[in-house]
Each structure stands twice: as structure tokens, then as C-alpha cells.
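Questions regarding the structure given below will be posed in turn.
Any read-out appearing in this document is the output of simple, stated calculations on the displayed coordinates, not a laboratory observation. These numbers come from a predicted model, not from an experiment. As a convention, Cβ positions derive from the backbone with ideal geometry for all residues, glycine included, and neighbour counts pool all protein chains shown.
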Amino acid sequence: MSKMKNEAELLKEAMRIGQVYFEKRGAGRFEASDSASDKFKALYSLLVQDKLIQPLAKGQENEPNIKHKLALWIERQLPEGHPLKN
């Protein structure tokens, strides 16, 4: 997977919106002591479970690929004209 131009900013937005979704969905709550890696994996797993994103292929479920998948997910959720949208 090739890295997107603004992937870091998209990932921050994905975590911000994803955290709200995670809590409203009743899946739990992210704590300040949780590692970023754990947050990415938990959000990715929930989105896959809810069929909002397609799962990565077996053996491809590593942190860089999960981050990329979350960035793609949030980019699709953003309205047209949003500064983070390509």
C-alpha cells in the first residue's frame, strides 16, 4: 500500500471520530494510558466487525496497514471540499 500524502492528518481525524464511534457503539472507552497501537487495532477490529471496512488479508494485519486502512476509511467519510480530502 502506498502512503497517502496527508495520511498522518487523516489518521488523527480517524482516531478522533473513531473514538466517538467506539464509545457510542458501546465497545468501551479509550483511556489515556492505552497505547496508540492498541487504539488503532481496537478501532480497526470494530469497523471490520460492523462491516464498515473490509478486513485486511491474512498476514497483512500489521500496524502500518491498519493505519492506512483507517486513513482510507475516514477519507471516504469526509464531505466534499474538506481540506483533508484529496
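For the chain, which span is the longest to avoid every loop-located (per DSSP) member of GluC sites (Glu not before Pro) having at most 16 other Cβ atoms inside 10 Å?
Numbers: sites that count: Glu31, Glu61, Glu80.
Answer from the scan: 1-30.
Also, quick follow-up: Across 5 Å bins from 0, what is the distribution of all Cα-Cα pair distances for region 24-63, in whole percents?
5, 21, 28, 25, 13, 7, 0
Let me ask something additional. With +1 on the Cβ of every Lys and Arg and -1 on the Cβ of every Asp and Glu, and nothing else charged, how large is the dipole of the chain about its Cα centre, in debye rounded to the nearest 20? Before the final figure, lay out each step's value.
Numbers: 15 positive and 12 negative charges, 34 e Å.
With Lys and Arg at +1 and Asp and Glu at -1, about 160 debye.
I'd like the FRET efficiency for Lys51 and Lys5, computed as 1/(1 + (r/R0)^6) with the beta carbon distance as r and R0 of 22 Å, rounded to 0.05. The partial results should precede the final answer.
Values: r = 28 Å, r/R0 = 1.27.
The value I calculate is 0.20.
Would you list, by chain and number, the aspartates and glutamates whose Cα falls below 12 Å from the Cα of Lys85, excluding same-chain residues fewer than 8 positions away?
Candidates past the 8-residue exclusion: Glu7, Glu9, Glu13, Glu75.
Excluding residues fewer than 8 places away in the same chain, name every one of the lysines whose C-alpha is closer than 22 Å to that of Lys39.
Once the sequence-local lysines are set aside, what remains near Lys39 is Lys3, Lys12, Lys24, Lys51, Lys58, Lys67, Lys69.
If you wrap the chain's Cα atoms in a convex hull and average its projection over all directions, what's the area in nm²? Provide the component values of the computation, followed by the final result.
On the way: hull surface 23.3 nm².
Projected area, direction-averaged: 5.8 nm².
Oh, and also: Between Lys12 and Arg29, what is the spin-label point distance in nm, taking each point 7 Å from the Cα along the Cα→C-beta axis?
Distance between label points: 2.5 nm.
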